[in-house]
Amino acid sequence: MTKITIIGSEKSGKTTLAGKLGKKGNVTDITMYDYAKNDSILTTIDATGYPVSVKSLVTALNLSDIAILCIPPEGLDPVSAECIIALDLLGYKHGIVALTKSDTSYPFALDELKEKLQKITVGTALENWEYLPMSTTSFEGMEELKEMIATMGEKVDAELREMDSMPTRVLIDQSFNVTGIGCVVLGVVSQGTLNAKDKMLAYPTKKPLEVRSIQMHDVDVKSAPTGARVGLALKSIQSKDVDRGFVLSEDEIVSTGVILESTLSQLAKPFAVADMLHIYVGLQSAPMRVESITLNGENVEKAEPGKTYVVELSGTKEISYSKNDRFVLTNLDGKQRFIAFGYSQ
Ligand SMILES: Nc1nc2c(ncn2[C@@H]2O[C@H](COP(=O)(O)OP(=O)(O)O)[C@@H](O)[C@H]2O)c(=O)[nH]1
Ligand SMILES: [Mg+2]
């Protein structure tokens, strides 16, 4: 099971490409496309709510393992530049830069574009990504792209297998009521192995529940490994008590604020004490105020690009997370909205 997200410049051919990789399914602020053949299942996500909504981009990326960054012959625009910063702050390891609409360019121009992008991404999470000129019109690169996704998918699977024995956590992206069944949720097993009859809590509210049944790609299964996209029928809980961003788990930290060791992107604007930021963790987000910033134990007023600080944030909305979860900080008033990543202290 491979889960990819297609992001990048506006009008770069993202939606067209998603449509070539699977059958259009569920639509919210992200659009899912599914493809299944024999044992291989590919879920492709188009972050259709982005660039208006940062949340759509973060949700899509955190539901996937592989990103395809689409850059058309015109090159970077502010949206794709922001995507690069987002991928870097999320520490997104696996991805492909698709040089889209190659039918409207020339090989030497595409080589130049590739070199330029490689220079810009030195030192970022995208440093070792592969590049592929492709077109959904002439079909150049389409087969190679599918092969690259399959090869990368195998690598990702091997990594995910190492997480099967960790404590089970499921990130929920949808919840609804099905007549005769009750509460049904969709999500991804982010670590561990989920089994039917498992008793867990829905975080951040800590409502207890039992997993009645599990489906993977519409097929009933007894258990689901790390990385599996699942549909779950839940017992002892109502659909109104579970929402996007909830985490099914046995043990999470719940709080309305957090202290992060936080590193700002080289390309971010500074932020200061008393600024309101939006923080993202898993599929959750919350507005939080910067209460304090410290550098080497000294209080400072401002956090500067490229540096690491201890940042104390507080808000009113409860969020749940685990020790090793990666937080991303954004400033929704900014032109380039992604600022920093961090881990709780
Ligand atoms: N020439 C050419 N046009 C394309 C290609 N892919 C998409 N388009 C066109 O580019 C426009 C934007 O495509 P779309 O998939 O909506 O881009 P998105 O905004 O990135 O989702 C549409 O008119 C498409 O028909 C391609 O490979 N070659
Ligand atoms: Mg589109």
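Kirkwood Rh over alpha-carbon pairs of region 5-89, then Stokes-Einstein at 20 °C and 1.002 mPa s: what D in µm² s⁻¹, rounded to an integer?
166
Aspartates and glutamates within cross-link reach of K24: Cα-Cα under 12 Å, excluding same-chain residues under 8 positions apart?
Partners within reach: D34, D46.
Where Lys and Arg each count +1 and Asp and Glu each count -1, what net charge lies around T294 among other residues with Cβ under 14 Å from its Cβ?
Working: positive: K302, K307; negative: E261, E291, E298, E301, E304, E312.
Computed value for this residue: -4.
Which of the peptides 305-317, 325-337 is most tightly packed, and how do the rest follow, judged by the mean count of other Cβ atoms within 10 Å per residue?
For the peptides 305-317, 325-337, the packing ranking is 325-337, 305-317.
Might you report the magnitude of the Cβ-based charge dipole of region 242-345 about its Cα centre, with Lys and Arg at +1 and Asp and Glu at -1, to the nearest 20 debye? Spell out each step's value before the answer.
On the way: 10 positive and 14 negative charges, 93 e Å.
Around 440 debye, computed over region 242-345.
Can you give the extra length, in nm with one decimal, that the chain gains between M142 and V178 once fully stretched, where that is 0.36 nm per residue apart less the Cα-Cα distance?
9.1 nm
Taking the number of other C-beta atoms within 10 Å as the exposure measure, put K23, K207, K55 in order starting with the fewest. Present the calculation step by step, with values, prior to reporting the outcome.
Values: K23 11, K207 16, K55 22.
Least crowded to most crowded, the residues run K23, K207, K55.
Determine the shape class of region 208-254: with a ≥ b ≥ c the square roots of the Cα gyration tensor eigenvalues, call it rounded for a/c under 1.5, and otherwise prolate if a/b is greater than b/c, oblate otherwise. Could you put the intermediate results ahead of the total?
Working: a/c = 1.85, a/b = 1.41, b/c = 1.31.
Prolate is the answer for region 208-254, as a/c is 1.5 or above and a/b outweighs b/c.
Find the Rg to Rh ratio for the chain, where Rh is the Kirkwood radius over alpha-carbon pairs and Rg uses the same atoms.
My calculation of the ratio gives 0.97.
Quick one: of the DSSP bridges fully inside the chain, what percent are antiparallel, nearest 5? Write out the running numbers ahead of the final one.
On the way: 84 of 104 bridges.
Antiparallel: roughly 80 percent of the beta bridges in the chain.
First check a/c for region 169-249, with a ≥ b ≥ c the square roots of the eigenvalues of its C-alpha gyration tensor; if it is under 1.5, answer rounded, and if not, answer prolate when a/b is larger than b/c or oblate otherwise. It would help to have the intermediate numbers written out before the result.
Working: a/c = 1.44, a/b = 1.14, b/c = 1.27.
Judged from the Cα gyration tensor, region 169-249 comes out rounded (a/c under 1.5).
How large is Rg over Rh for region 253-344, taking Rg from the Cα atoms and Rh as the Kirkwood inverse mean of 1/r across Cα pairs?
Values: Rg = 11.8 Å, Rh = 12.8 Å.
Across region 253-344, the Cα-based Rg/Rh ratio is 0.92.
Before rounding to the nearest 500, sum -39500 (n - 2.57) across all DSSP H runs of length at least 4 in the chain and divide by the residue total; then give [θ] at 222 nm in deg cm²/dmol.
On the way: 5 runs with 63 residues, N = 345.
Computed ellipticity for the chain at 222 nm equals -5500 deg cm²/dmol.
Spelling out what I want: for every residue of region 176-192, take phi, set θ = phi - 60°, compute 6.51 cos²θ - 1.76 cosθ + 1.60 (Karplus), and round to whole Hz; glycine and proline get x.
Karplus values, whole Hz, x for Gly and Pro: 8, 9, 10, 4, x, 10, x, 6, 10, 10, 10, x, 10, 6, 7, 6, x.
Ranking Y343, Y33 by Cβ neighbours within 10 Å, fewest first, what do you get?
Working: Y343 15, Y33 22.
Fewest-to-most Cβ neighbours within 10 Å comes out as Y343, Y33.
Only Cα pairs under 8 Å and at least 6 apart count here; give the relative contact order of the chain as a rounded whole percent.
Values: 831 pairs, mean separation 44.6, N = 345.
It comes to 13 percent, rounded to a whole number.
Which whole-angstrom value gives the distance between the alpha carbon centres of region 141-188 and region 195-217?
Measuring centre to centre over Cα atoms gives 16 Å.
Would you kindly calculate the translational diffusion coefficient of region 2-161, applying Stokes-Einstein with the Kirkwood radius from alpha carbon pairs, for 25 °C and a viscosity of 0.890 mPa s, and quote it in µm² s⁻¹ without decimals?
158
Would you kindly state how much longer the chain becomes between E291 and Q215 on full extension, computed as 0.36 nm times their sequence separation minus their alpha carbon distance, in nm to one decimal?
Details: separation 76, 0.36 × 76 = 27.36 nm, distance 4.36 nm.
Fully extending the segment from E291 to Q215 adds 23.0 nm.
Please work out how much length the chain gains when fully extended from R161 to V254, using 0.36 nm per residue of separation minus the C-alpha to C-alpha distance, in nm with one decimal. Before the final figure, lay out each step's value.
Working: separation 93, 0.36 × 93 = 33.48 nm, distance 2.76 nm.
Fully extending the segment from R161 to V254 adds 30.7 nm.
Please go through the residue pairs K93/K222; K93/K199; K3/K93; K37/K155 and name each one whose alpha carbons sit more than 25 Å apart in this structure.
Details: K93/K222 30 Å; K93/K199 32 Å; K3/K93 14 Å; K37/K155 19 Å.
Flagged as over cut-off: K93/K222; K93/K199.
Considering only region 1-91, what is the antiparallel percent among its DSSP beta bridges, to the nearest 5?
Details: 10 of 20 bridges.
Expressed as a percentage, antiparallel bridges in region 1-91 total about 50.
Kindly write out, for region 76-91 in residue order, the coupling ³J(HN,Hα) from the Karplus curve 6.51 cos²θ - 1.76 cosθ + 1.60 (θ = phi - 60°), rounded to whole Hz, with x marking Gly and Pro.
Values per residue, Gly and Pro as x: 5, 10, x, 5, 5, 5, 5, 4, 4, 5, 4, 4, 5, 5, 7, x Hz.
Every number here is computed from the coordinates shown, using simple stated rules; none is lab data. What you see is a predicted model; the values in this text were computed from it and never measured. Note that we place each Cβ from the backbone using ideal geometry, even for glycine, and neighbour counts take in every protein chain shown.
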